[in-house]
Amino acid sequence: MAKPKLQVPVEKNQYIELDITGLGHEGEGVGKYEGFTVFIPRALPGERVKAKVIRVQKTYANGRLIEVLSDTASRTEPPCPIFHRCGGCHLQHMTYEAQLKHKRQTVVDALTRIGKLEGVTVHETLGMDNPWQYRNKAQVPIGEIDGRLAVGFYAPRTHEIIEMQSCDIQHAYNDQIVHTTKAILQELAIPHYEEASGRGLVRHIIGRAGFHTGETMLVLVTNGRKIPHQEVLIDRLRARIPHLVSIVQNINREQTNVIFGNETRTLWGKDTITDTIGEIRFEISAGSFFQVNPVQTEVLYGKALEYANLSGSETVIDAYCGIGTISLFLAQKAKEVYGVEIVPEAIEDAQKNAALNEIRNAHFAVGEAETVIPQWHRDGVRADVLVVDPPRKGCDERLLATIAEMQPERVVYVSCNPGTLARDLRYLEDHGYKTVEVTPVDMFPHTFHVECVAWLVRKDN
Ligand code: SAH
């Protein structure tokens with residue numbers, strides 16, 4: 001028998017009232033109107049709201065928040081004046097305490113609904129004492145509004161620049177880099193790039209800051225090599241941004257959303273800036289990946305280290321190792337660490353950083369974790385602890401199958417997506433492992449991103 005068709009009780013432009021019961025993946029409020037799901041950005045769980053329906057799909061509708069009819073204690077005034085238009089943050093209208101609770105609940109829900117896991121301790125989210133100015137990298141498009149240069153992030157799902165004067169989640173140095181650079185480009189009439197025509201020059205202003213060293217880098221992404229008034233530009237930048245140690249140009253002539261092009265050259269100063277995570281020093285070049293919240297990275301890796309429970313005699317595999325941040329962190333307490341990562345440049349950085357820190361017990365390989373680790377297994381590598389930190393889509397099943405065969409004592413799973421984490425923990429639960437506990441760590445305050453670290457042990461232990 002065919003399923004009865006879902007009645008759609010709303011139509012476009014209709015005004016409705018409903019109770020918000022949860023938050024969706026992008027931090028938008030979710031509620032039911034006569035049993036039909038409606039997503040309403042900026043509405044919060046616990047609120048009754050009035051909304052205008054702006055789009056109706058087969059199984060859900062999208063609405064615009066018109067009025068909050070009954071308030072909740074979670075609501076707060078967003079400090080940023082452009083919060084409602086800029087796509088950078090999603091939860092500034094929620095108190096920080098409520099954000100942390102919500103992130104923990106997201107993990108709990110995923111583990112129970114998707115993972116069907118029971119008896120897992122999910123700790124409170126480890127948040128920041130000061131959840132502002134936490135980002136060490138600002139990557140800001142530049143355009144024109146009313147005949148003046150303007151910098152700002154895009155409105156959600158558009159390429160419309162929402163002009164900003166400062167960004168509350170950026171390190172103050174990056175704010176200074178972005179706005180002073182814009183002002184100097186304006187003074188020298190250096191043109192900005194126009195997406196529509198592919199003409200013009202400056203596409204993005206990128207600021208990177210070393211929190212512990214105070215060193216900063218400016219990267220100008222340009223649609224061509226020659227920069228008019230280059231010498232004057234550099235003189236003014238150096239004079240007005242005293243913390244700069246590096247000015248780099250990246251050339252991207254493609255008509256694309258990808259920010260970086262293939263050619264990078266240093267215009268002035270060093271090629272890299274230095275920063276530290278714990279005791280480990282990292283050289284960061286214009287294109288290198290580096291965790292954007294260095295304060296919380298230390299908290300996250302501290303948890304991973306605690307769960308790895310190393311005594312100094314262990315062999316550790318770090319899958320999806322990036323530039324080797326976790327590998328180098330763990331190498332201080334392990335016998336050997338083997339890192340594997342798919343991007344060759346990241347592995348070059350990992351090797352350089354190992355050498356810089358005189359760490360000799362960390363080894364790195366380029367390749368897919370799901371291909372390289374089975375090969376290591378066949379070659380007789382035995383891991384006591386296996387750490388994974390996959391991208392949002394989670395681990396490849398071949399890797400999970402290899403973990404089940406390799407039988408490391410402990411698995412530490414660092415995840416940026418509770419849904420795929422829960423799916424993968426279920427697989428491991430069915431193949432000899434038990435998830436003991438999970439700790440969410442707030443890496444991106446005021447955004448919807450949820451990061452956490454899980455600790456698994458073998459059931460036969
Ligand atoms: N652990 C690192 C980075 C984790 S981000 C850190 O903390 O800095 C996830 C990484 O997985 C990215 O660097 C990405 O390039 C890499 N990756 C994606 N798919 C992969 C695969 N199949 N095998 C190995 N690495 C992969």
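The values are calculated or read from the model by the stated rules, or taken from the named source; none is laboratory data. Note that this is a predicted model, so its numbers are computed, not measured. Don't worry about glycine lacking a Cβ; one is built from the backbone with ideal geometry, like all the others, and counts go over all protein chains shown. SASA here: full protein model, heavy atoms, side chains in, ligands and nucleic acids out. Shrake-Rupley method; radii C 1.70, N 1.55, O 1.52, S 1.80 Å.
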query = In the full protein assembly as shown, how much of Val366 is accessible to a 1.4 Å probe, in Å² to the nearest 10?
reply = 80 Å²
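Output the pairs from Lys32/Lys116; Lys116/Lys459; Lys101/Lys459; Lys32/Lys103; Lys335/Lys434 with a Cα-Cα distance over 19 Å in this structure; if there are none, say none.
With Cα atoms farther than 19 Å apart: Lys32/Lys116; Lys101/Lys459; Lys32/Lys103; Lys335/Lys434.
Leaving ligands and nucleic acids out of the surface, order Glu26, Glu124 by accessible area at 1.4 Å, largest first.
So the residues, ranked largest to smallest area, are Glu124, Glu26.
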remark   = Simple spin-label estimate for Phe289/Ser311, 7 Å along Cα→Cβ, in nm, reads 3.3 nm
ask   = Using 20 Å as the cut-off for backbone N distance, which residues of region 77-91 belong to the label zone defined by a point 7 Å from the Cα of Ala196 along Cα→Cβ?
value = none
query = Straight-line reach from Lys352: which aspartates and glutamates have Cα under 12 Å away, leaving out those fewer than 8 places along the same chain?
reply = Glu283
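Take the Cβ-Cβ distance between Asp430 and Gln375 as r, set R0 to 25 Å, and report the resulting FRET efficiency rounded to the nearest 0.05.
Working: r = 24 Å, r/R0 = 0.98.
Approximately 0.55, to the nearest 0.05.
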message = Rolling a 1.4 angstrom probe over the protein chains, ignoring ligands and nucleic acids, what is the accessible area of Glu67 in square angstrom, nearest 10?
response = 90 Å²
query = Under a point spin-label approximation (7 Å from Cα along Cα-to-Cβ), what is the Glu263-Glu358 distance to one decimal in nm?
reply = 4.1 nm
key: Net charge contributed by nearby residues that have their C-beta within less than 12 Å of Leu126 (K/R +1, D/E -1)   = -3
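Is the C-alpha gyration tensor of region 15-70 telling us rounded, prolate or oblate? Criteria: a/c under 1.5 is rounded; beyond that, a/b larger than b/c is prolate, otherwise oblate. Intermediate results must be reported in sequence, preceding the final value.
Details: a/c = 1.44, a/b = 1.20, b/c = 1.20.
In terms of gyration-tensor shape, rounded.
On the protein heavy atoms, probe 1.4 angstrom, tell me the percent of accessible surface of region 137-277 carried by carbon and sulfur.
On the way: 2990 of 6260 Å².
Carbon with sulfur: 48 percent of the solvent-accessible area.
May I ask you to give the solvent-accessible area per residue for region 137-277, in square angstrom, as obtained with a 1.4 angstrom probe?
Details: 6260 Å² over 141 residues.
About 44 Å² of surface per residue is accessible.
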query = Got a number for carbon plus sulfur as a percent of region 15-70's accessible area, 1.4 Å probe?
reply = 48 percent
ask   = Counting only protein heavy atoms and using a 1.4 Å probe, what share of the accessible area of region 393-461 belongs to carbon plus sulfur, as a whole percent?
value = 50 percent
Integer Hz, Karplus 6.51/-1.76/1.60 couplings in order for region 262-272, x for Gly and Pro = 7, 9, 10, 9, 7, 8, 7, x, 7, 7, 9
request  = For His123 and Lys50, calculate 0.36 nm times their separation in residues minus their Cα-Cα distance, and state this gained length in nm to one decimal.
outcome  = 22.8 nm
query = Glu17 to Thr158: FRET efficiency via 1/(1 + (r/R0)^6), r the Cβ-Cβ distance, R0 35 Å, to the nearest 0.05?
reply = 0.75
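Whenever you get a sec, line up His102, His25 from highest to lowest accessible area (probe 1.4 Å, protein heavy atoms).
Numbers: His102 40, His25 175 Å².
Heavy-atom accessible area, descending, gives His25, His102.
Sum -39500 (n - 2.57) across every DSSP H segment of at least 4 residues in the chain, then divide by the residue count to get the 222 nm mean residue ellipticity, nearest 500.
Values: 9 runs with 108 residues, N = 461.
When only DSSP H runs of four or more count, the value is -7500 deg cm²/dmol.
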remark   = Reported to the nearest 10 Å², Ile359 has, with a 1.4 Å probe, an accessible area equal to 30 Å²
ask   = How high is the FRET efficiency between Val232 and Arg64 when r is their beta carbon distance and R₀ equals 56 Å, given to the nearest 0.05?
value = 0.75
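Keeping all protein chains in place, calculate the accessible area per residue for region 15-70 (probe 1.4 angstrom), answer in Å². If you can, show how the numbers build up before the last one.
Details: 2840 Å² over 56 residues.
On a per-residue basis, region 15-70 sits at 51 Å².
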